[in-house]
Amino acid sequence: MRILAITSAVAVALALATAGSSAVTGAHDRIFYFSYDNVLGTSLDLKVVAPSIAQAHKAETAVLNEIGRESKILSSWDPDSEFSRWARTQDQAVPVSRDLFEVLGMYDQWRTRTNGALNPSAESVIKVWQAAARANRLPSDSDLSAAVATTRETQWTLNPSTQTATHTGNAALVLASFTKSYIIDHAADAAIRTGVPSVVVNIGGDLAVRGSLAEPVDIADPRASQENADPISRIVVHDMAVATSGDYRRGVEIAGRHYSHIVDPRTGMPAENIISSTVVAPNPADAGALATAFSILAPEESAKLAASMPGVRYLLVRKNGQQVKSDNWGALEAPVQMAAVTKPATARLGLAAATGGPVWDPSMELTIDFEIAQPRGMAKRPFVAAWVEDADRFQVKTIALWYHEDRYLTEMKAWYRSDRVRAMAEGREIVRSVSSATRGPGKYSLKWDGKDNDGKPVKAGKYTVYLEVAREHGTHQLVKQEMDFTGTPKQFQFPANTEVAASSFDYHKLAK
């Protein structure tokens, strides 16, 4: 979470529509949503089942406090964190907190269990590739060999009787892999301790589901760059954790070729055979560790490791697109299909036969690219809506709607007005059928294939495309452009505003 600048290149999204969740709750329980950016370097989506907004806010506060507490201990990017201060010591037995001691011990265990594939000193290899990318060349064999040799060294020793850790190595260290999932685990526990019956904590696409909720989770297609692309799988989990790792969100470019940020510390080479690995496990830290390891290991090795751990399920995607599923994966899967809708008495849109004219050219698509301005520090995520209206200002398609509470939907002034017009004409709502997935500040891409909210092709012709970004009780920005969708490519670039650093609308032929 992809949001999704995601530490593990995540491809998992929460399905936030109420119709998509099943909960065993009290008669007065409701679902509340909270979304934040710049949480552990990515984004946080929190879903709380509670009898009141006050109780939901207690759970929200508990989650934020726990994340804040543990980030001050375990962050590899905060120079003042306990881990960073400890990493600057050398050959000294330093008393450390229970959390840091436990995480360091877990790395020792996972390094052994994965035969060295999971290693916190892999950062030494990553730095070699990053330096080579800046020079636009491949790393030298000598540089890689030196980095690999460094990763083989013992980086620390632990003394359980005194709860001390001694930093002994010289490799660059980063606590990634399962550390985010470890924090998610404790944050979910903190929320449940406030008395709420259920919670879903999703940080950067890795998530834990606790309590009574059965949560649908979409697994993103690693070969599709657009945020609203169809998932490759939809699963339903209860009291479980989900983590996804892959090479499609981060990495380096050298001479026009992409190299994954996930490297095999045993060889120094980027992992490239598995482009996405999703793991479901009872324990979040296990899910996070296995998702990273399975991106490096051969599928046969992954199967053997998974079989040794009760309750573990996985979905791998090879670079040729082939899916590799554990035998028990199918028990979690749910159909990926559009929600049922009530059709209006008089269809406004449809095929050429119904409209008397040509329809959208299926060889074309619209791409909406935009970059959300980076806030400073943790902040509630802005609401985002992208949609298309016809010449009569009738909303034919909501492409994306990212929000966290229905009561704030009116903050999306232009989208809300448009949807009210459409709802009055068609007699049905679409708000609750739109999923809100993990999103963070960064560059995003959406696509429109020329189909309306019912999945039918629209007529060829002129439409207006909208992109709206608004903060709760804050600034409101709207980008719109009339475009002629008749088969001729065209592109529009828009200047930055308070909430959107850059944006463009591109009508183009589909890549072959």
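The values are calculated or read from the model by the stated rules, or taken from the named source; none is laboratory data. These figures come from a predicted structure and were not determined experimentally. Neighbour counts are summed over all protein chains in view; Cβ atoms, including those assigned to glycine, are modelled from backbone coordinates with ideal geometry.
Which residue out of 260, 245 is buried (at least 19 other Cβ atoms within 10 Å of the Cβ), among the small types (Gly, Ala, Ser), under 15 Å from the mean Cα position of the chain (by Cα) and under 30 Å from residue 142 (Cα atoms)?
245
Please verify whether residue 223 is basic (Lys, Arg) and modelled with pLDDT of 90 or more, treating the condition exactly as stated.
Spelling it out, it is not the case that residue 223 is basic (Lys, Arg) and modelled with pLDDT of 90 or more.
Assuming residue 381 fulfils every condition listed in (1) of a type in the set (D, E, K, R); (2) more than 30 Å from residue 41 (Cβ to Cβ); (3) modelled with pLDDT of 70 or more apart from one, which condition is it?
Evaluating residue 381 over (1) of a type in the set (D, E, K, R); (2) more than 30 Å from residue 41 (Cβ to Cβ); (3) modelled with pLDDT of 70 or more leaves (2) as the failure.
I'm checking my understanding of the structure. Among residues of the stretch 486-512 that are within 15 Å of residue 465 (Cβ to Cβ) and charged (D, E, K, R), which one is surrounded by the fewest Cβ atoms within 10 Å (Cβ to Cβ)?
Looking at the filtered set, the residue picked out is 490.
Of the conditions (1) outside any strand (DSSP E or B); (2) touching a His at 6+ places or on another chain (Cβ under 6 Å), residue 214 fails just one. Which one is it?
Exception for residue 214: condition (1).
When you look at residue 287, is it surrounded by fewer than 21 Cβ atoms within 10 Å (Cβ to Cβ) and either under 20 Å from residue 216 (Cα atoms) or not basic (Lys, Arg) (or both), yes or no?
no
Only one of (1) at pLDDT 70 or above; (2) of a type in the set (Asp, Glu); (3) in contact with a Gly (Cβ under 9 Å, 6 or more places away or on another chain) is not met by residue 472, so which one is it?
With respect to (1) at pLDDT 70 or above; (2) of a type in the set (Asp, Glu); (3) in contact with a Gly (Cβ under 9 Å, 6 or more places away or on another chain), residue 472 is out only on (3).
Of the residues in the stretch 192-209, how many are surrounded by 24 or more Cβ atoms within 10 Å (Cβ to Cβ) and within 17 Å of residue 283 (Cβ to Cβ)?
Here the count works out to 9.
Could you grab me the full set of residues in the stretch 168-185 that are surrounded by 24 or more Cβ atoms within 10 Å (Cβ to Cβ) and of a type in the set (Ser, Thr, Tyr)?
If the condition is that a residue be surrounded by 24 or more Cβ atoms within 10 Å (Cβ to Cβ) and of a type in the set (Ser, Thr, Tyr), then 177, 179, 181 are the ones that fit.
Output the qualifying pairs, or none if there are none: Cβ atoms under 9 angstrom, residues six or more apart or on different chains, first residue in the stretch 101-122 and farther than 17 Å from residue 163 by Cα and among the charged types (D, E, K, R), second residue part of a helix (DSSP H, G or I) and at pLDDT 95 or above.
Listed by first residue and then by second, the contacts come to 113/289; 113/293; 113/305.
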